[in-house]
Structure formats: structure tokens, C-alpha cells
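Asks: Take a look at this one; I'll ask things after.
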Amino acid sequence: MNSLLFLAMMISSLSTPDLELARESLPNELLPAQSLAFSRPDECLRLTNAFLKRLADHPSQVLGNNQSHAYREPLLNYRTVEQVNSAQLLKGFCQAKAGQGESAMRTFALALEAARQEKLPGQAASALYLQARLLAQDESRAYLARPLLEQLDKELNTPPLYRHALQVYSHLFEASLAMSEHRIEQAKQQMTLAQQAAERSSEPLRLAWVNAVQGDLFLLQKQPELALGQYFDALKRVEESEEHAFLGRLTGQIAALYRREGDLKKALSFASESADHYQNQGDPRPLSEALIELARLNRELGDMNMALVYFFNALDLQGDDPSRSETARLKFEIGKTYLQNGNLVQARNYLTAARQAYEFGDSKEAQIDTLLLLGELHLRQNESGIAILQLENALTLANRIGDSLRQRNTHRLLATAYEQKGYYQQALDSYKKYHQSSELSRQQEAALYQDGLTEHYQQVEYQQQLSQLTHELKQERSERQRYQWTSVVTGLSLALFAWLFFTLWIKLRTARQQNKLLGKSLQREPRSGLPNWQRLLQRTPVEIAKRRQSSDRWYLGEQGDKAFDDKLHYLLFKVPFLADCRERFGHQVASELEQQFGRYLAAGNPPDGRIYDLREGHLLYVIPQRHVTDLPKLAGELLAWLHDFPSELPLERRCALGIVSYPFLPKAAGAVDHQRLFDLCFLALAGALQLAERSGEAVWLELAAVDCQQAAFFHGDVWERCLMAIDKGLVKVNSSHEKQWVEWHELARKQPAGVVDHSQ
């Protein structure tokens, strides 16, 4: 939770736009300086000092407020006091960004004095506010911001500043200070005032800052879900704006919350947005921090290469004279990444450099973390002696500063190092210390968790009591009026309910009828009007299930002496003129032809069978065995029936027919479902098409498994297995023509070894 509070204060302690207050009435020649305030504050300070020095050397060029309104000469070579004071505010801001806090305070004091003398209330309020913000960054001097905020409140109570941005930001700043001191009620009061002022102004940026700080308050109250909602509301208000500093901090905060919740992919997405915003802003310091966070997320997700890219980019941003602590931190992270990636040589180089920098800076915690990683590295290289030296140094430092967590981690690694070296007694002692420390830490965490849980429950109970009292008060005020309108509202409600019920019943009835008609139309082929694949797939599993039960009863009744006589014959036709009629005759003529053909089939359809239009020239005729006395004769009659379709168009009438019966394996009907059955039908049709092409006549071809055939043979790809069964004589081939003409191996999906493909 401490890290969470740090993240909250990172955004709320300085929760106002920086340059919006410092660029009022800024001279044109200082606009470049203002744009460099974040990325190059030293250059901004140089340009601002040059401007102020030029005016100090020529005081006649500075006009008072009254002069600027009455002056008749061109003002190209003159500047007003308000512009000069804006330059002073920009100078103080640049000094603060450059780390010159005391100089910035003096500059803001001069700007405040000048603003009061020249009666510039907006600049006076800005100077007070910037001074208070600068003091709040130093915890030891944060209390000095209170008197400045009291003066700021007096300034804001004057009529000229009723619409000023500080009407919102001053309350947000006071709420942030209250949050830093855990004064929750005072923070809520200030947030209410800020919300009211922001709503009066209707400025999206001010409303967004209110949402952001409200999210910080929820975060402080251990309500991360509500905080996340506020952050998203703030993001929605200004996501299309150019407020990159605010958007960078906001998306970075959202990424930190998602990382805390364990959603690393979302955290990575928002961290990337944060880095993009800081890149557009041009400030290298927050951009470096954003890149480091982005690198850590990539490392946690296992993408070590991207993590190293971001770490090295952050290292490049340190400049020619980087801070030793920041450089050491980056080298530590790079070494840690190389260690996790298995590049022990580079890991040793960067971790050694980080340790030396930390020793120079006397950073004990960082030295311990680096020594622990170096110890782990030497353990991986089986250099247990060096690892023991590193880890003992880490333990000495951890004992010196009393860091229990780092002591525990050191004991754990020392136990492994001693064991690897063969010092089993020392390893046992380290293991004992590790387990003792772990148990003590677990007990402390449990106690802290219980305390936090109790505090949370008390807060929830307080909120519930407050809500209940508020609700009772409102209920008492509206009770008399509610009773007066109860009878009227009840009567109207009943009438409305009856009308709605009747209306919905009519709509439901109409929708059911439409749904029924739609279901029927979906099961009809629109071109021919015949049942289609939808109807076939709806009906086939039911028919197959019935035949499967009949086959099981026949097989269990040990009636193997007579053939199974309750089959379904599936006759799959290929009508060539249906496949290419649009290319030959055009869309309109082809549509009329298909409709005529559909009517012809529907009119001549035998009552004991069903025809389905499967498109692409495929027709399927399904008929039970009990209605067929002679299957070859029926096949010939159906082919002749299709051939006699009356049409004056030159049609290709040479049809092909593939026949398969179900159950395909009477003793194991369940081995072939309807999907595999259709594969067999198309395989039979493929053989018939070969015969039709060779003979130039209409052809039918039937595939039938021999009676003794086992179901296990057809396990797997039924197309390939059936081709193998035909080759071995396990599946009979009956045809109206010479069945030896069929080249079954050409139908295989994979050509068998030794067969040469002449098509290439």
C-alpha cells in the first residue's frame, strides 16, 4: 500500500497544469522559451534572462497599465508591466524545473510584489500558487505553504478572479495537501468545492483534473476500482487535447493500477501511451521514468529484448552529465534483465558498474539489491566462494540498516551458496534464519492485514450509517407528498402495464410468426425453391440415429444370416448445366432456368423420396430402402428423369450419380456419422464423374462395404480410408459402366509413393 500511496501523491501533489498559469500575457519573443520549459529549462532560463535584462537596460520601453491604453505610438518596441511580470513568472518556473528552488522562490516573490503594485490580481494569485507548489515539494517546508494558500484564498474572493482557473486548482492543491497528511474529511470538502468550481467553468481540462485528484482520494481510501473509474473519466475528457504532461501522468497512473491488479497487458498498453505523451511533451525526466516502467513491464511479460531496448533508451536520455544515482539505477535494471535473460557476462558488467556507483553514492538499500543479484549470478556460474563473499557483504549492510526483507532474501541465497560450497552446517543455519524471518514476516503481515481490514470495515460502516441517515431524512421530507400521489400513480401504472402487456404480446406473437417463416425460408434454396443444406443437416442426424438403433437391434438379435433391410439410400447427383449456367447464359436467364428446374423437380418428385439442392450443381436424393426394389433401375430412371428436363437452351445433360447407403457398416452404424457419410457420397460422385468423362454418358456408381468389414478400419480420415478399402477390396464398387476405368488413386489427397503426377 505504501507504493500505491506514493503513486497517488506523484500525480496529486502537483496536480495542476504548469504553464497555463505562467504564460498569461507572455511576450511573443518568449514563446520559444515557454516551449523549452520542460525539455530544456536551462535554455528557457537563458532566453528569459536575456529578455528581462534588455528591458532593465531600457526601462523606458516598459509601459504602465494606464500608459498602454492611452499610448498612441506603435507598441512594437514597448512592453507592458503585465508582460514583464509574465516573464518573471516564466523565469521562476524555469528555475524550478532546473532545480534552482531558492532562486525560483525569490523570483516568484518579485513577481508577486510587482503584481500587487500594478493591481494585477491574476498574476498575484499565480505567483502565490506557484510558490506554494514549490514549497510543497519539500516535506520539511510543506507547512510554509499554508499561509500562502490563505493569501491565495483572499485573492480569489475578488470579483476579477471569479472565473479564474485557480478557483479549481487551489482547492485541488489543498485537497492534495490534506491527503498527504491523511486528513480525509478535509480533502473531501476541498474536492466538493473544486467540483463545483469546475462545473461552473465547464472547462474539460479542469473537470479532468478534478476527476484525477478524486481518483487519488479513492486510492488513498483503498478503493482502486473507483479510482480507476475516475481516471478513465479524466482521460475521456482530454484524450484528444495536447495536454501531454497531464495525459502522461494519468496514463502512467492507470498503468500502475493495472500492474498492481496483475493485468500486465493492459498495464503495458497504458504505459506505452504514457511514454508517447512524454515524448510529445519533450521533458526527458518523466520520459525516462516512463521508459523504465515500460521496460519493467516487458520484462515481467518475458520480452527481455524489448525491456533492454527501453532501458537503453532511458539511459540515453540521461545526457552528457547524468545523475549518478539514476545511471546506477538504470545499470542495475539492465544487469537484472541480462541476468534473467541468461546473458551472465553482460549481467556481471552492468551489475558491477551499478554496485560501484551505489558505493560511491552510499546507497545502502541499492547496494544490497545489487550484491544479491551478483550473488545469484555467481551461483549460476558455480562460483560459490565469490557468491558467499558478495552475500555476506549484503548481509552486513542489511544488518546495519535493519532491513528484515533484505536480510531474509540474503539468508535464502546464502543457504544455497553454502550448500553448493559444501558448508552444510552454515547452510542449515542460514535456512533456519530464513524460515524464522519468513514466519515473523508472515505474522506481521497478517497483523497489518487485520488492522487494515478492521479500519476498512469501520469506514464502510460509517459510510453506510451516513447514507442511511441521509436516506431517512429525504424519506421524511417526501413522505407526505408521496402519499398524495400514490393512488394516481398506481392507477396510471396499472393502465400502462396493461397497455404494455397487450402491446408486447402482439409484438411477441408477430415475432414468433416471422421467426417461423424465416426458419422455413432459410431451409429452402432461393434459386430453385428446393430444401437446402440447412434442411438436410437438420433432418439427417435424426434419421441416422433411428437407423443406428435399428442396426444395433438387428446386430444384437444375432440376425447375421440375413442382410440388414432398414437402410437409407443417399443418391448424390452432379447436374453440369446448373454449375455453369450463369457463365453461359447470364444471370437473368440462369435464374429463370434454375426456377424452372426446381419446379420440374418438385412436380416430378416421387412421394417416397426427398430431393435437396446443395448448390454448385449438386442434388441429393434420399429414399428409404423399403421403397426401393431395384436400386440400379431407380438410379437409371432418375438419371433419365433429369435428362428429360424440358428446355430450349443447349444444356449439358450428362449427369453423374454417386450412391452410398446408411448404415454403411450395418454391424457398427455409429462408426460413420452424417459428416463422414457426406464425404463418402462425394467420393462416390467423384468416381462417377470419372466414368462419365470417359464414356460421355450419364453414369451411376455405388460404394458399399462388404458385410464382414470392421469399423476400426475406417478410423481417421474416411476419404483416405475408403480409398484404401476400395484398393483392398473391402468396399464394393457397383456401376452402370466399367468400374475398372476409375482411377481411384487420383482422388487421394496425398499421392502415394511411386505415383508420378503428370499434371505438373
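Asks: Consider segment 670-679. How many of its residues are outside any helix (DSSP H, G or I) and surrounded by 20 or more Cβ atoms within 10 Å (Cβ to Cβ)? Break it down into steps so the answer makes sense when it comes.
Replies: At the first step, the residues of segment 670-679 found to be outside any helix (DSSP H, G or I) are 672-673.
Those left that are additionally surrounded by 20 or more Cβ atoms within 10 Å (Cβ to Cβ): 672.
The total comes to 1.
Asks: Oh, and also: Say whether the condition of being of a type in the set (A, V, I, L, M) and modelled with pLDDT under 90 is met by at least one residue in segment 727-736. Working first, answer last.
Replies: First pass over segment 727-736, keeping only residues of a type in the set (A, V, I, L, M): 730-731, 733.
If we keep only those that are modelled with pLDDT under 90 too, we end up with 730-731.
Checked against the condition, which is being of a type in the set (A, V, I, L, M) and modelled with pLDDT under 90, segment 727-736 yields at least one hit.
Asks: Among residues belonging to segment 703-719 that are surrounded by 15 or more Cβ atoms within 10 Å (Cβ to Cβ) and not in a strand (DSSP E or B), point out the one that is farthest from the chain's Cα centre (by Cα).
Replies: Gln709
Asks: Based on what the data block shows, is Gln340 surrounded by fewer than 22 Cβ atoms within 10 Å (Cβ to Cβ), part of a helix (DSSP H, G or I) and free of Cβ contacts under 8 Å to residues at least 60 places away in the same chain?
Replies: For Gln340, the condition - surrounded by fewer than 22 Cβ atoms within 10 Å (Cβ to Cβ), part of a helix (DSSP H, G or I) and free of Cβ contacts under 8 Å to residues at least 60 places away in the same chain - is met.
Asks: Out of all the residues in segment 98-120, which are open to solvent by 40 Å² or more (accessible area, probe 1.4 Å) and either more than 45 Å from the chain's Cα centre (by Cα) or hydroxyl-bearing (Ser, Thr, Tyr) (or both)?
Replies: Hits for segment 98-120 are Glu102, Arg106, Ala109, Leu110, Glu113, Arg116, Gln117, Glu118, Lys119.
Asks: Then there's this: Restricting attention to helices (runs of 4 or more DSSP H) lying wholly within segment 500-597, give those where 2 or more residues are charged (D, E, K, R) and either in contact (Cβ under 8 Å) with a residue 24 or more places away in the chain or out of contact with any helix residue (DSSP H, G or I) (no Cβ under 9 Å at 6 or more places or on another chain) (or both).
Replies: Fully inside segment 500-597 and qualifying: 533-556.
Asks: If you don't mind, another one. Would you confirm, using the coordinates I've provided, whether Leu135 is surrounded by 23 or more Cβ atoms within 10 Å (Cβ to Cβ) and hydrophobic (A, V, I, L, M, F, W, C)?
Replies: Numbers: surrounded by 23 or more Cβ atoms within 10 Å (Cβ to Cβ): no; hydrophobic (A, V, I, L, M, F, W, C): yes.
Judged against the criteria, Leu135 is not a match.
Asks: Just one of (1) surrounded by fewer than 23 Cβ atoms within 10 Å (Cβ to Cβ); (2) part of a strand (DSSP E or B) trips up Lys667, so point out which.
Replies: In the conditions (1) surrounded by fewer than 23 Cβ atoms within 10 Å (Cβ to Cβ); (2) part of a strand (DSSP E or B), Lys667 misses (2) alone.
Asks: OK, next. Can you report the number of residues in segment 627-658 which are β-branched (Val, Ile, Thr) and touching a helix residue (DSSP H, G or I) at 6+ places or on another chain (Cβ under 6 Å)? Give the steps one after another, and end with the answer.
Replies: Taking segment 627-658 as the starting set, the residues that turn out to be β-branched (Val, Ile, Thr) are 628-629.
From what is left, the residues that are touching a helix residue (DSSP H, G or I) at 6+ places or on another chain (Cβ under 6 Å) are 628.
The number of residues fulfilling the criteria is 1.
Asks: Would you please list the contacts, defined by Cβ atoms under 6 Å and residues six or more apart or on different chains, that run from a residue in segment 666-679 that is of a type outside the set (Asp, Glu) to a residue that is in a helix (DSSP H, G or I) and open to solvent by less than 20 Å² (accessible area, probe 1.4 Å)?
Replies: Sorted first by the residue in segment 666-679, then by its partner, the pairs are Pro666/Ser551; Ala669/Ser551; Ala671/Phe714; His674/Thr540; His674/Ile544; Arg676/Val718.
Asks: Moving on. I'm trying to understand the selection: among the residues of segment 412-429, which are open to solvent by 60 Å² or more (accessible area, probe 1.4 Å) and either touching a Phe, Trp or Tyr at 6+ places or on another chain (Cβ under 7 Å) or of a type in the set (Phe, Trp, Tyr) (or both)?
Replies: If the condition is that a residue be open to solvent by 60 Å² or more (accessible area, probe 1.4 Å) and either touching a Phe, Trp or Tyr at 6+ places or on another chain (Cβ under 7 Å) or of a type in the set (Phe, Trp, Tyr) (or both), then Arg412, Tyr423, Tyr424, Gln426 are the ones that fit.
Asks: Let me ask something else about it. If the requirement is being open to solvent by less than 30 Å² (accessible area, probe 1.4 Å), modelled with pLDDT of 85 or more and out of contact with any strand residue (DSSP E or B) (no Cβ under 8 Å at 6 or more places or on another chain), which of these qualifies: Leu228, Leu235, Leu301, Leu264?
Replies: Step by step, each of Leu228, Leu235, Leu301, Leu264 is checked, and only Leu235 is open to solvent by less than 30 Å² (accessible area, probe 1.4 Å), modelled with pLDDT of 85 or more and out of contact with any strand residue (DSSP E or B) (no Cβ under 8 Å at 6 or more places or on another chain).
Asks: If you don't mind, there's one more thing I want to ask. Going by the structure shown, is Glu365 among the charged types (D, E, K, R), in contact with a Lys or Arg (Cβ under 9 Å, 6 or more places away or on another chain) and within 29 Å of Tyr423 (Cβ to Cβ)?
Replies: It is true that Glu365 is among the charged types (D, E, K, R), in contact with a Lys or Arg (Cβ under 9 Å, 6 or more places away or on another chain) and within 29 Å of Tyr423 (Cβ to Cβ).
Asks: If we keep just the residues of segment 138-151 that are over 44 Å from the mean Cα position of the chain (by Cα) and of a type in the set (A, V, I, L, M, F, W, C), which is surrounded by the most Cβ atoms within 10 Å (Cβ to Cβ)?
Replies: Within segment 138-151, the match that is surrounded by the most Cβ atoms within 10 Å (Cβ to Cβ) is Leu148.
Asks: Could you please find all residues in segment 590-610 being open to solvent by less than 20 Å² (accessible area, probe 1.4 Å) and aliphatic (A, V, I, L, M)?
Replies: Listed by number, the residues that qualify are Ala590, Leu593, Leu601.
Asks: Of the residues in segment 154-174, how many are open to solvent by less than 30 Å² (accessible area, probe 1.4 Å) and in a helix (DSSP H, G or I)?
Replies: The total comes to 10.
Asks: Could you please give the count of residues in segment 279-304 that are in contact (Cβ under 8 Å) with a residue 40 or more places away in the chain and outside any helix (DSSP H, G or I)?
Replies: 2
Asks: Turning to a different aspect of this structure: Sort through Leu631, Leu639, Leu619 and tell me the only one that's in contact (Cβ under 8 Å) with a residue 12 or more places away in the chain and closer than 27 Å to Leu522 by Cα.
Replies: Leu619
Asks: So which residues in segment 598-611 are closer than 19 Å to Cys581 by Cα and either among the aromatic types (Phe, Trp, Tyr) or in a strand (DSSP E or B) (or both), if there are any at all?
Replies: Here is the first cut: in segment 598-611, the residues closer than 19 Å to Cys581 by Cα are 598-601.
The answer is Tyr600, and nothing else.
Asks: Tell me which residues, restricted to segment 623-646, are of a type in the set (Gly, Ala, Ser) and surrounded by 13 or more Cβ atoms within 10 Å (Cβ to Cβ). Give the steps one after another, and end with the answer.
Replies: Step one: list which residues in segment 623-646 are of a type in the set (Gly, Ala, Ser), which gives 635-636, 640.
Correct list: Ala635, Gly636.
Asks: Listed residues Gln123, Gln189, Gln195; which is touching a residue at least 40 places away in the same chain (Cβ under 8 Å) and either closer than 27 Å to Asp233 by Cβ or surrounded by 24 or more Cβ atoms within 10 Å (Cβ to Cβ) (or both)?
Replies: Gln123
Asks: If you scan segment 1-51, which residues turn out to be modelled with pLDDT of 75 or more, in a helix (DSSP H, G or I) and crowded, with 17+ Cβ neighbours inside 10 Å?
Replies: Residues satisfying the conditions are Leu30, Ala33, Gln34, Pro41, Cys44, Leu45, Leu47, Thr48, Phe51.
Asks: Would you confirm whether or not segment 102-111 contains a residue that is without any contact (Cβ under 8 Å) to a residue 24 or more places away in the chain and of a type in the set (Gly, Ala, Ser)? Steps first, please.
Replies: Initial filter on segment 102-111 (without any contact (Cβ under 8 Å) to a residue 24 or more places away in the chain): 102-103, 106-107, 109-110.
This time we only want the ones that are of a type in the set (Gly, Ala, Ser), so: 103, 109.
Looking through segment 102-111, at least one residue is without any contact (Cβ under 8 Å) to a residue 24 or more places away in the chain and of a type in the set (Gly, Ala, Ser).
The values are calculated or read from the model by the stated rules, or taken from the named source; none is laboratory data. Predicted model, so just to flag it, every value in this text is computed and none were measured. Heads up, the Cβs are rebuilt from the backbone with ideal geometry, glycines too, and the neighbour counts pull from every protein chain shown. The area values use the complete protein model at the heavy-atom level, side chains included, leaving out ligands, DNA and RNA. Shrake-Rupley method; radii C 1.70, N 1.55, O 1.52, S 1.80 Å.
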